[in-house]
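Visitor: Quick one: the structure is below, and I'll ask about it shortly.
Just so it is clear, none of the values below were taken in a lab; they were calculated from the coordinates. Given the structure is predicted, the values throughout are model-derived calculations rather than measurements. Cβ: placed from backbone, ideal geometry, glycine included. Neighbour counts: every protein chain shown.
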Ligand code: UD1
């Protein structure tokens, strides 16, 4: 059985690493499985892309489409044409995609048009906000997929509400697999913390990259001013900056505000193996990323989410996560109120990737 996997953005390299490892294990045990990896090139800066392949042992992509940045339509369109050609050439049994990026949609659409079945890992997640490009990508991808592999029960029920029940399975979260798998191989905490000049549990960690925050000057200012006022010498805030965020801080005149307080430490995007250690060692995480909200929970760290909605509703229900948007006062109040919550039982036990591969095999032919 041949699987063509399409990835392109930072979190997809991590998710694909878990499933690629499960495929490799099956192959070692004699299964007839081949995976061909396609990197769309949506993320192309070395520390947004190459470092993940170097560290996570994801198989090297056979194809790199190098689409780079562009408007959503231009980017998705370029990928669509290129993935189509690859599918024709490779004639796979499955097309595998992850999450909700433009690379996900392009891969799924190209395959569906060629009648190649699509397997969507992280199916069913919804923010119910169609202004988010990711929400459009998710809905469309789910509706052309044959195998919809959900990380949570809420995701299964979202699909049911849209009339999608065939091929839907709750397999757990491959990001939980990744957290377990890579914690084992990450450097020791003191080594990682030493690289950033931080103390165990002596700092907060923040990430901001969503278009809804970076492309709205009022929201970005609310977030940056909250971070600048919360950071203090005895508990600094580490803020690894996505290139998009750095660019909009600069063009919006906010970089100065961010740099005024030296306890707010702006650094380049960090490799995933450092990130999981930083997450685990942080006192608190502030983020607008989906993955980081959950990783906070995996590592037992309370989270403040800088968005109006979340796809990971169970983190809120269990008390680990607070949704506060981009308002400075709300962010500051949530940081004071943050505390650990109750266990969540739906992300699986680190076996989500194995279930993904088993389902792909069971549907073969
Ligand atoms: C994309 C996903 C988002 C995901 C994120 C993970 C979509 C619609 N969004 O967002 O869901 O959470 O990846 O990180 O697919 N840039 C660089 N170098 C890079 C990559 C991006 O400079 O390697 C800059 C470019 O100016 C680019 C901008 O960042 O235009 C945005 O990149 P893009 O890939 O469009 O979306 P992300 O914000 O990374």
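Visitor: So how much slack lies between residue 229 and residue 267, counting 0.36 nm per residue of separation and subtracting their Cα-Cα distance, in nm?
Guide: Separation in residues times 0.36 nm, less the Cα-Cα distance, equals 11.9 nm.
Visitor: Can you sort 13, 53, 272 so the residue with the fewest Cβ neighbours within 10 Å comes first?
Guide: Fewest-to-most ranking of 13, 53, 272: 53, 272, 13.
Visitor: Using a 7 Å offset from the Cα along the Cα-to-Cβ direction at both residue 113 and residue 317, what is the distance between the two label points in nm, to one decimal?
Guide: Each label point lies 7 Å from its Cα, and together they span 3.9 nm.
Visitor: How high is the FRET efficiency from residue 329 to residue 161, r the C-beta distance, R0 25 Å, rounded to 0.05?
Guide: E(calc), rounded to 0.05, equals 0.15.
Visitor: Pop out the Kirkwood hydrodynamic radius of the chain from its pairwise C-alpha distances, inverse of mean 1/r, in Å to one decimal.
Guide: One decimal place: 20.8 Å for the Kirkwood radius.
Visitor: Between residue 251 and residue 337, what FRET efficiency comes out of the Förster formula 1/(1 + (r/R0)^6) with R0 = 45 Å and r the beta carbon distance, rounded to 0.05?
Guide: 0.85
Visitor: How far, in nm, would the chain grow between residue 72 and residue 25 when pulled straight, counting 0.36 nm per residue and subtracting the alpha carbon separation?
Guide: 13.3 nm
Visitor: Using the count of nearby Cβ atoms within 10 Å as a rough guide to exposure, how do 98, 297 rank from fewest to most?
Guide: The order, fewest Cβ neighbours first, is 297, 98.
Visitor: Something else now. Residue 93 to residue 195: FRET efficiency via 1/(1 + (r/R0)^6), r the Cβ-Cβ distance, R0 56 Å, to the nearest 0.05?
Guide: Approximately 0.85, to the nearest 0.05.
Visitor: Let me ask something additional. In nm, to one decimal, how far is the modelled label at residue 361 from the one at residue 60, with both set 7 Å along Cα→Cβ?
Guide: 2.8 nm
Visitor: Using Cα pairs under 8 angstrom and six or more residues apart, how large is the relative contact order of the chain, in percent?
Guide: Relative contact order here is 16 percent.
Visitor: Of all DSSP beta bridges located in the chain, what percent are antiparallel, nearest 5?
Guide: Taking every DSSP beta bridge with both residues in the chain, the antiparallel ones total about 5 percent.
Visitor: Counting only C-alpha contacts under 8 Å and six or more residues apart, can you give the relative contact order of the stretch 67-222 as a whole percent?
Guide: The value is 15 percent.
Visitor: Ok, one more. In nanometres, what is the gap between the two model label sites at residue 2 and residue 349, each 7 Å from Cα along Cα-to-Cβ?
Guide: Label at residue 2, label at residue 349, 3.7 nm between them.
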